[in-house]
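Read the structure below first, then the notes.
The values are calculated or read from the model by the stated rules, or taken from the named source; none is laboratory data. Everything quoted here is computed from the prediction, not taken from an experiment. Counting neighbours? That spans all protein chains shown, and the Cβs are built from the backbone with ideal geometry, glycine included. Remember, those area values only see protein heavy atoms, side chains included, never the ligands or the DNA or RNA. Shrake-Rupley method; radii C 1.70, N 1.55, O 1.52, S 1.80 Å.
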Amino acid sequence: MKPLSSTGFALFGAALIAISFGLARFAFGLFVPPIRDELELTASVIGIIGALPLISFLLATLVAPFAADHLGARNAAVLSGAFGVVGLALISQSTGALTLGAGVFACGICTGLMMPALTAAMQALVRRSLHGRVSSVMNAGTSIGVVVAVPTVLFLTGAWRLAYISFAVLAGIGVIAAWFLLPSVSRILPANAAPPPPVSELPWSRLVRLSLFAFVMGFVSAAYWIFAPDLVVTLGGLPAGTTGWLWLAVGVAGLGGAVVADLADRNNPPITHALMLMMLAASLALLAASPGQSLLASFSALVFGLAYMSLTGLYLMTGIRLLPGRLSVGPVLPFMAVSLGQATGSPVVGMLVNAFGYASAFAMFSALGILVAILSPFYPGYIAQAEEEDTEEESGLQAAYDYQLQDEEGEPLQPEADIVEEAEEAEAEAEAEAEEAAKAEEAIKAEEAEAEAEQAAKAEEAKTEAASEGEEAKTETAPEGEEAAKAEKATDPRKPTPKGDN
């Protein structure tokens, strides 16, 4: 089968991310109200169950880079999808907290394995000059998955088992497609690439600060992801189908998160981090203050989706920049911190809801987010400030990927495969241009030959007409010549008269 193009891989990767992150992980909060009612679970139990996929995500993330290296991109993605199918199927058939917890735990493993598998496949299929663009498209898959889950809530209100069966079927289709479309191995590190810096030389202070900020963001966001739908139904008295509009707003706003994160890295990451974390905290406070007003609740979801996806995208870029040469670790470290924060925050918010109610619990988490946002000037912006240099450091997601492979002088290394591929593309373009020029020249020659043939035909036709007119002229003048001769003989006395005339 023909390998995927860069665009095709980006779209396929976004689809797999939509299944593993959007449906298998974040869609759970949508179905908390009907699941809790049918299985008769308390808020504390839901909080603990909501933490299980985050714990399994952490465990899977620890082994995911090794799985991608030893199993290959294809097998790692298939294994991830298989856990997703099993987990979603278990959720659809759960009869209590135990089977429900087992299902969400398996879904967390699916989420933890998928991104490293796709990153390994990207290194094999996509030129590094396009890694930033492809990664942005794939990261948007989380929002797409959240949006896809919305119709199941709007049209299958209360039928959460049927919804999860349909999710399992989609995950199964993704497994089959991954087997046929993804490469079996990832790209091998070029021999002329400089080795990554030793562990002792890593910017540990920046890494610790990045991890702490990501942990707190995950801790605060857990309240919204797990309990926001239950809040508007229980406290606000809105119908269960209304929760679908919340997640639709989260997903649509989240699509702009990649753009905001890239702009943040190009301008001032600490200030943008403070703004986005403030927005995330405000979304919790707004929802707790007006759970019974659907428009305000939907607006809070828009704010939350944009803030959350922007922050995760910013953490992704910062992790890649701080760990050059370690692409299997750079994107994973901040996501592990976010998941650890969510795994910790989910049971905490559940206990606070039982003790103080939804409004007070969300207000406490909102206050924590605002407090940490004030500390955002300590957020790590770049690897080094390089004050003595006049040149401005390159920024943005693509720049972060460019510096993953460096030469001995610390400059971005262009892999030999990319050079060959670019040369082949240039040669193909030159051949296409030459072919088009040859076709144009042939067309011009054909037009000239056709014009010459037309002119020759016209000349021949004119010649034929002239000859025809000459013959007609001869025919018309012949009788006149005979009559003139007779008249001349009759009037000339020197000519003898015929004997028969006497």
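Please enumerate the residues belonging to the range 79-103 that are touching a Leu at 6+ places or on another chain (Cβ under 8 Å), of a type in the set (Val, Ile, Thr) and surrounded by fewer than 24 Cβ atoms within 10 Å (Cβ to Cβ).
Thr95, Thr99 - these are the residues of the range 79-103 that are touching a Leu at 6+ places or on another chain (Cβ under 8 Å), of a type in the set (Val, Ile, Thr) and surrounded by fewer than 24 Cβ atoms within 10 Å (Cβ to Cβ).
Could you check, for the range 109-132, whether at least one of its residues is in a helix (DSSP H, G or I) and touching a Cys at 6+ places or on another chain (Cβ under 7 Å)?
no
Failed condition for Ala274, given (1) touching a Pro at 6+ places or on another chain (Cβ under 9 Å); (2) at pLDDT below 90, with all others met?
Unmet for Ala274, out of (1) touching a Pro at 6+ places or on another chain (Cβ under 9 Å); (2) at pLDDT below 90: (2).
Residues checked against (1) part of a helix (DSSP H, G or I); (2) among the aromatic types (Phe, Trp, Tyr); (3) farther than 12 Å from Gly101 by Cβ; (4) at pLDDT below 85:
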| residue | (1), (2), (3), (4) |
| --- | --- |
| Pro3 | no, no, yes, yes |
| Phe9 | yes, yes, yes, no |
| Phe12 | yes, yes, yes, no |
| Leu16 | yes, no, yes, no |
| Ser20 | yes, no, yes, no |
| Val32 | yes, no, yes, yes |
| Leu41 | no, no, no, no |
| Val45 | yes, no, no, no |
| Pro53 | yes, no, no, no |
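Exactly one condition in (1) open to solvent by 20 Å² or more (accessible area, probe 1.4 Å); (2) at pLDDT 90 or above; (3) not hydrophobic (A, V, I, L, M, F, W, C) is not met by Pro195; state its number.
Among (1) open to solvent by 20 Å² or more (accessible area, probe 1.4 Å); (2) at pLDDT 90 or above; (3) not hydrophobic (A, V, I, L, M, F, W, C), Pro195 violates only (2).
Cβ-Cβ distance below 9 Å, separation of 6 or more or different chains: which pairs start in the range 269-292 with a residue that is within 15 Å of Tyr308 (Cβ to Cβ) and end on one that is crowded, with 18+ Cβ neighbours inside 10 Å and acidic (Asp, Glu)?
Once the first residue is within 15 Å of Tyr308 (Cβ to Cβ) and sits in the range 269-292, its partners that are crowded, with 18+ Cβ neighbours inside 10 Å and acidic (Asp, Glu) give Thr272/Asp265.
Given (1) surrounded by fewer than 17 Cβ atoms within 10 Å (Cβ to Cβ); (2) among the small types (Gly, Ala, Ser); (3) at pLDDT below 80, where does Ser294 come up short, assuming only one miss?
(3)
Across the range 426-474, which residue is least open to solvent (accessible area, probe 1.4 Å) among those that are among the polar types (S, T, N, Q) and modelled with pLDDT of 75 or more? Quick ask: steps written out before the conclusion?
The first filter runs over the range 426-474 and keeps only residues among the polar types (S, T, N, Q), leaving 455, 464, 468.
Still in the list and also modelled with pLDDT of 75 or more: 455, 464.
On the way: Gln455: 127, Thr464: 82 Å².
Among residues in the range 426-474 that are among the polar types (S, T, N, Q) and modelled with pLDDT of 75 or more, the one least open to solvent (accessible area, probe 1.4 Å) is Thr464.
Please go through the range 22-53 and give me each residue that is buried (at least 24 other Cβ atoms within 10 Å of the Cβ) and farther than 19 Å from Pro347 by Cα, ordered by number.
Gly22, Leu23, Ala24
Answer with yes or no whether Ala82 is touching a helix residue (DSSP H, G or I) at 6+ places or on another chain (Cβ under 7 Å), modelled with pLDDT under 90 and not hydroxyl-bearing (Ser, Thr, Tyr). Talk me through it step by step, then tell me what you get.
Numbers: touching a helix residue (DSSP H, G or I) at 6+ places or on another chain (Cβ under 7 Å): yes; modelled with pLDDT under 90: no; not hydroxyl-bearing (Ser, Thr, Tyr): yes.
Spelling it out, it is not the case that Ala82 is touching a helix residue (DSSP H, G or I) at 6+ places or on another chain (Cβ under 7 Å), modelled with pLDDT under 90 and not hydroxyl-bearing (Ser, Thr, Tyr).
Taking the range 363-377 as the search range and keeping residues that are surrounded by 17 or more Cβ atoms within 10 Å (Cβ to Cβ) and not hydrophobic (A, V, I, L, M, F, W, C), which one is farthest from the chain's Cα centre (by Cα)?
Ser366
Please pick out the residue among Val78, Val147, Val85, Val126 that is within 26 Å of Arg321 (Cβ to Cβ) and either among the aromatic types (Phe, Trp, Tyr) or within 25 Å of the chain's Cα centre (by Cα) (or both). Talk me through it step by step, then tell me what you get.
Values: Val78 fails: within 26 Å of Arg321 (Cβ to Cβ); Val147 fails: within 26 Å of Arg321 (Cβ to Cβ); Val85 fails: within 26 Å of Arg321 (Cβ to Cβ).
That would be Val126, the only listed residue that is within 26 Å of Arg321 (Cβ to Cβ) and either among the aromatic types (Phe, Trp, Tyr) or within 25 Å of the chain's Cα centre (by Cα) (or both).
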